[in-house]
Amino acid sequence: MRPALLALALALVSSSSWAAVAPEVAEAQRAQMEKLRAEVAGQIQLQAYDLLDELVYGWTQQPVFELETPVVLADVTVPVGFGSGLAALIENHFANLVVKNPRTRLTLAHCPQCTAVMVHSGAKGTIVSRGVDQPEALAAAGALSGARHAIFLDFEAEGSALVLRARITSLEPALPIIHARTLTTSTSSPALLRSGDQLKSATEARKEYLDALQGRGVFTVPMRIAVRSYGPPSNGTAVAAMPFIWLQVGTEMALTQARAWTGTISAGVTWMPQLHTGFMAQARISRLLTGSVASLTRPDLYVFVGGSVISIHGQGARVFQNQVLNLEDVLSNIPQLLVQPHATFAAFPIGLELRVGNRIGASVFLESAPALDNAPSVGAHLNLLDILKFHTVGAEVTFCF
């Protein structure tokens with residue numbers, strides 16, 4: 001980013017300098033200049049917030065006062081060219097920090113006369129100034145409201161650095177300084193953007209960022225617990241398929257740095273005593289719906305499609321075979337039941353997954369298995385014009401490692 005003073009100097013170029021160029025060129029240059037000014041102003045605002053965070057954090061670690069003390073925010077000055085807009089933002093952010101961090105032992109006090117113009121006459125003459133600059137007049141007017149200290153915040157742009165000079169003075173005729181601190185940062189460095197109610201040092205904040213980024217590796221290991229419920233049989237006499245509970249483990253790879261696309265390969269197993277044992281191999285691809293970059297602070301919603309090969313062994317596999325299975329068949333064909341049946345078919349899921357912090361997820365899906373169209377014991381939860389049938393409704397809980 002360009003230094004702040006350079007941008008401000010360019011922004012103050014007089015209108016006469018535009019007369020020598022064509023109107024359309026001048027308009028394009030003005031638009032580019034306004035864009036640059038907005039960019040610089042936004043960066044300066046973030047840097048000012050960061051300096052205030054550092055200032056208040058220091059007060060939480062080493063309070064200026066031993067007891068709760070009311071103070072007046074006497075003055076806020078900002079670099080030339082930013083005006084009252086930046087000053088108002090700084091005042092709001094500073095007040096928010098003081099309120100959310102009582103460990104500073106500071107309480108902001110309301111004092112309208114402190115910043116108003118006051119006239120004070122005495123034996124030596126008449127003085128016209130802000131109330132905070134003549135504490136004896138404030139005291140005489142009874143306008144201090146219990147506050148005996150004032151805070152001054154001065155921001156200056158020095159080269160490519162933004163400097164904060166903070167002073168706390170006692171509201172006495174000499175305005176003695178009881179605390180002063182100067183902080184500076186380069187305007188080309190990014191702001192830390194610390195949370196106002198959980199201030200921490202710059203070192204601690206950077207460590208949190210690094211820990212978060214290290215947790216966003218290219219590969220993760222998802223473990224899923226899934227429940228698949230098959231549609232009711234179309235034949236009223238057929239035995240309905242029971243829900244199957246699956247445990248799946250695999251590898252997930254971020255296909256882009258922003259984790260907007262991910263791909264997963266996993267293997268699964270299901271088991272029910274004396275009924276069935278099942279195995280699955282699955283591949284799926286997911287696309288982020290909530291933005292272009294996966295978030296570290298809010299849930300992310302993905303849509304996914306995939307393909308699976310499922311193999312079921314045991315008596316539970318009979319519901320997936322192309323024959324009607326009822327109680328009479330079971331009683332009349334007991335010798336045949338001693339033969340271990342099995343069923344292998346392909347399935348194609350489509351669903352939505354809500355992922356939190358790339359660590360925990362929950363998803364719901366529909367699954368189509370064309371090979372089960374002729375299985376009497378399995379019906380369709382959703383039939384799209386007899387062209388696409390979804391035989392399975394499922395839900396998953398995912399834990400990523």
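Per residue of segment 166-181, what does 6.51 cos²θ - 1.76 cosθ + 1.60 with θ = phi - 60° give for ³J(HN,Hα)? Whole Hz please, x for Gly and Pro, Karplus curve as stated.
Whole-Hz 3J(HN,Hα) from phi for segment 166-181: 10, 9, 10, 10, 8, 7, 10, x, 7, 6, x, 7, 9, 7, 9, 8.
Please list, ordered by chain and number, the residues whose modelled amide H lies under 5 Å from the amide H of residue 357; skip anything fewer than 5 residues away on the same chain.
Residues meeting the amide H criterion: 300.
Please list, in order along segment 96-108, the HN-Hα scalar couplings obtained from phi with the Karplus expression 6.51 cos²θ - 1.76 cosθ + 1.60 (θ = phi - 60°), rounded to whole Hz, x for Gly and Pro.
5, 5, 5, 5, 7, 10, x, 5, 6, 6, 10, 10, 6
Give me, ordered by chain and number, the residues 5 or more places off residue 381 or on other chains with an amide H under 5 Å from its own placed amide H.
231, 390, 391, 392
Give the distance, in whole Å, between the Cα centre of segment 223-288 and the Cα centre of segment 350-401.
Their Cα centres are 8 Å away from one another.
Please arrange 252, 204 by accessible surface area, largest first, computed with a 1.4 Å probe and ligands excluded.
204, 252
Extent of segment 67-115 along each principal axis, from alpha carbon coordinates, in Å, largest to smallest?
Rounded to whole Å, the extents work out to 38, 24, 12 Å.
Search the structure for amide H atoms under 5 Å from the amide H of residue 223, placed 1.01 Å from N in the peptide plane, and list their residues when 5 or more places away or on another chain.
Answer set, sorted by chain and number: 399, 400, 401.
The values are calculated or read from the model by the stated rules, or taken from the named source; none is laboratory data. Quantities reported herein were computed from a predicted structural model and do not represent experimental measurements. Calculation scope for accessible area: heavy atoms of the full protein, side chains included, ligands and nucleic acids excluded. Shrake-Rupley method; radii C 1.70, N 1.55, O 1.52, S 1.80 Å.
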